[in-house]
Amino acid sequence: MANKTIHKITDSIKPNDRMDNIVICTPDGELHNIACNLIESVLFEKGFQVNNVSPSIPTDSMVKYKEETKPCMILI
């Protein structure tokens, strides 16, 4: 229920190409993502493009993703 509410808030904001890109992730093996979703909605509302790859992504995949997307910030 919490995740659905957070996504409803985020879905109402329209992204644009000028937004700085931020990646949010959790350590490999972490299965919780409500905190990441809350942070995503706040940052998105503040004008950032947020790529939330939680709840878990293997470390090797995250390194490759970082190199491909070149975010201005990574939050773990």
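Only the coordinates and a few stated rules stand behind these numbers; no lab work does. Computed from a predicted structure; not experimentally measured. Note that we place each Cβ from the backbone using ideal geometry, even for glycine, and neighbour counts take in every protein chain shown.
Here are a few things to note about the model shown:
- Using θ = phi - 60° in the Karplus curve 6.51 cos²θ - 1.76 cosθ + 1.60, the 3J(HN,Hα) couplings for segment 20-25 round to 5, 9, 10, 10, 10, 8 Hz; x is entered for Gly and Pro.
- In nm, spacing of pseudo-spin labels at Val63 and Ile34 (7 Å Cα→C-beta vector): 3.3 nm
- Amide H contacts of Asn51: Ile22, Val23, Ile24, each under 5 Å away and 5 or more positions distant or on a separate chain (H built 1.01 Å from N in the peptide plane; Pro and chain starts excluded).
- Packing here is the average count of other Cβ atoms within 10 Å per residue, and on that basis the peptides 28-38, 43-53, highest first, run 43-53, 28-38.
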